[in-house]
1. Can you name the number of the only condition in (1) more than 19 Å from the chain's Cα centre (by Cα); (2) closer than 29 Å to E204 by Cα that C94 fails?
2. Scan L197, L216 and give me the residue that is touching a strand residue (DSSP E or B) at 6+ places or on another chain (Cβ under 9 Å) and either open to solvent by 50 Å² or more (accessible area, probe 1.4 Å) or among the aromatic types (F, W, Y) (or both).
3. State the number of residues belonging to segment 154-189 that are assigned to a strand (DSSP E or B) and among the polar types (S, T, N, Q).
4. For K118, which of the numbered conditions (1) under 22 Å from the mean Cα position of the chain (by Cα); (2) part of a loop (DSSP other than H, G, I, E, B); (3) at pLDDT below 85 fails to hold?
5. Quick one: N41 ticks every box in (1) open to solvent by 90 Å² or more (accessible area, probe 1.4 Å); (2) touching a helix residue (DSSP H, G or I) at 6+ places or on another chain (Cβ under 7 Å) except a single one, so which number is it?
6. Quick one: how many residues across segment 67-121 are among the polar types (S, T, N, Q) and exposed (fewer than 13 other Cβ atoms within 10 Å of the Cβ)?
7. Based on what the data block shows, is T151 under 30 Å from I187 (Cβ atoms) and not in a helix (DSSP H, G or I)?
8. Of the residues in segment 57-91, how many are among the polar types (S, T, N, Q) and either more than 29 Å from E204 (Cα to Cα) or more than 21 Å from the chain's Cα centre (by Cα) (or both)?
Amino acid sequence: MSKVARAVSVIGGADGPTSVFLVGPGKEKNIFKRMKTEYRNWRYKKRRQAVEKTVKPGMHTVGETILYIKNQYGAEEADRTRYDYNERKLDLKCSLIQRNRPELLGEEKRLEPPRDFKDQQAVQEWMNQIDEWREKCLKRVAEISNDVFPTDYHMLVIERGAQGSLQVETDTVHSIIQVSYSGDKKIMEPIQKDIYLFYGVSKEDIDQKTDRYKSLVTVLCG
């Protein structure tokens, strides 16, 4: 269990929040761990700067990217009975509402972490509160109809047997693509990078450092 205190923000009002954010980590008090962390951060910053120089304008729509994934990697639409389909669909809708229509979710509320992370009982109670808020938050989002906040969720799956599995979540209304995988990193990560590169960015994305641009750079950093 980490001893670093983090403030928790929960979006939502009296009827229930929509999600939980961990923000503002405190400084590591162990000087040796802090030095190592600072060095890793410095290396990542340098790697990110190098990657940013390689990013060039060139992009495709979500629809074109879906077609590319199917043709290039044999991806198939996930069955809606898949065990995690509805949960992931709801999570994406939640994040889209927070980004585009936060007023639908009510006011922001904070859950302060325990002062002492050695107090396991206090920590457990705090985590239980977070879980309870999250459940209420997702219930609130589920009640927001498509007429109020339109979405068009799809999940594509690329199966590589023992090598791993890759999931591509998209929303064509909001032009969102999210790629995650499990399994052999050497096999699955290049596929993930290729998909983000095909989806690409515009010159405007690069100039304005949009979320689309940041996502591409983060993935390319590995």
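1. With respect to (1) more than 19 Å from the chain's Cα centre (by Cα); (2) closer than 29 Å to E204 by Cα, C94 is out only on (1).
2. Criteria check complete, one pass: L197.
3. Summing the residues that are assigned to a strand (DSSP E or B) and among the polar types (S, T, N, Q) in segment 154-189 gives 6.
4. Only one criterion is unmet by K118, namely (1).
5. The one condition N41 does not meet is (2).
6. Residues in segment 67-121 being among the polar types (S, T, N, Q) and exposed (fewer than 13 other Cβ atoms within 10 Å of the Cβ): 5 in total.
7. No, not satisfied.
8. Residues flagged as among the polar types (S, T, N, Q) and either more than 29 Å from E204 (Cα to Cα) or more than 21 Å from the chain's Cα centre (by Cα) (or both) within segment 57-91 amount to 4.
The values are calculated or read from the model by the stated rules, or taken from the named source; none is laboratory data. As the structure is a prediction and not an experimental result, all values here were calculated from the model. Here the Cβ is made from the backbone with ideal geometry for all residues, glycine too, and neighbour counts use every protein chain on show. Side chains are part of the model used for accessible areas, which takes the heavy atoms of the whole protein and leaves out ligands, DNA and RNA. Shrake-Rupley method; radii C 1.70, N 1.55, O 1.52, S 1.80 Å.
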